[in-house]
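Structure, as structure tokens:
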């Protein structure tokens with residue numbers, strides 16, 4: 001397995017959010033982490049990236065314990081996050097947002113470079129001199145994904161990648177993510193809609209109150225409407 005979480009517990013101050021969460025992601029695998037709001041999905045991703053280290057349990061990436069490592073060290077191992085809310089640098093240009101994240105520590109055969117990211121997201125190529133704050137929501141999301149790709153990750157984590165975007169932009173972004181999956185990039189996608197991640201994901205993990213309450217492939221989830229009604233439908 002590329003990533004393994006075992007009995008992870010995490011909190012914000014005295015407020016516990018994860019209560020022994022376990023999940024895993026294989027090399028070149030796509031995994032969806034699903035569930036209603038406030039159930040611990042984002043907290044789990046922050047634990048993986050070191051932005052909110054777990055209180056207990058273990059996290060391994062490519063066989064190495066990463067729980068307790070600083071976020072920049074985890075990023076150097078090949079974990080990249082496109083966070084909820086995009087978090088791009090609004091006062092930097094598109095080009096600057098991308099170049100500041102550039103890294104190819106493993107000497108990839110075909111690394112993600114500025115030119116490659118701009119070719120992958122043509123809308124960004126048209127706006128390289130625009131400030132991040134001048135972009136539309138969809139363009140900002142493309143920039144957040146492009147910035148993550150510039151680190152040449154082994155695992156890409158996407159937290160609500162298309163939330164609040166127009167349908168045509170959502171389709172565009174999901175299409176780009178499918179291209180990344182077809183190229184073999186391992187991915188964790190947080191999303192509320194099962195249909196959105198169709199063709200992108202190998203397995204689903206449903207999180208409820210800080211633990212995984214169900215896991216399985218897409219077909220099994222489709223064949224179990226009771227699971228969707230109980231854990232996903234608001």
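Values quoted throughout were computed directly from the atomic coordinates according to the rules given, and no laboratory measurement underlies them. The structure displayed is predicted, hence computed values, not measured ones. Note: ideal-geometry Cβ built from the backbone for every residue, glycine included; neighbour counts use all protein chains shown.
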Fewest-first sequence of 100, 142 by Cβ atoms within 10 Å of each Cβ = 100, 142
What is the order of 192, 41, fewest Cβ neighbours within 10 Å to most?
-> 192, 41
With all pairs of different alpha carbon atoms counted, what Kirkwood hydrodynamic radius in Å does the chain show?
-> 18.0 Å
As a check on your grasp of the helix formula, calculate [θ] at 222 nm for the chain: sum -39500 (n - 2.57) over DSSP H runs of n ≥ 4, divide by the residue count, round to the nearest 500.
-> -8500 deg cm²/dmol
For segment 191-210 versus segment 75-142, the gap between their alpha-carbon centres in whole angstrom = 25 Å
Sorted by Cβ neighbour density within 10 Å, fewest at the top, the residues 6, 223 | 223, 6
Could you work out the Kirkwood radius for segment 137-209, taking every pair of different alpha carbons, averaging 1/r and inverting it, reported in Å?
-> 12.8 Å
Normalise the Cα radius of gyration of segment 50-188 by 2.2 N^0.38 Å (N = residues in it) and let me know the number.
-> 1.05
Equivalent ellipsoid semi-axes for segment 87-144, as square roots of 5 times the alpha carbon gyration tensor eigenvalues: give them largest first, rounded to whole Å.
-> 21, 12, 9
Report the relative contact order of the chain, percent, no decimals, based on alpha-carbon pairs under 8 angstrom and at least 6 residues apart.
-> 28 percent
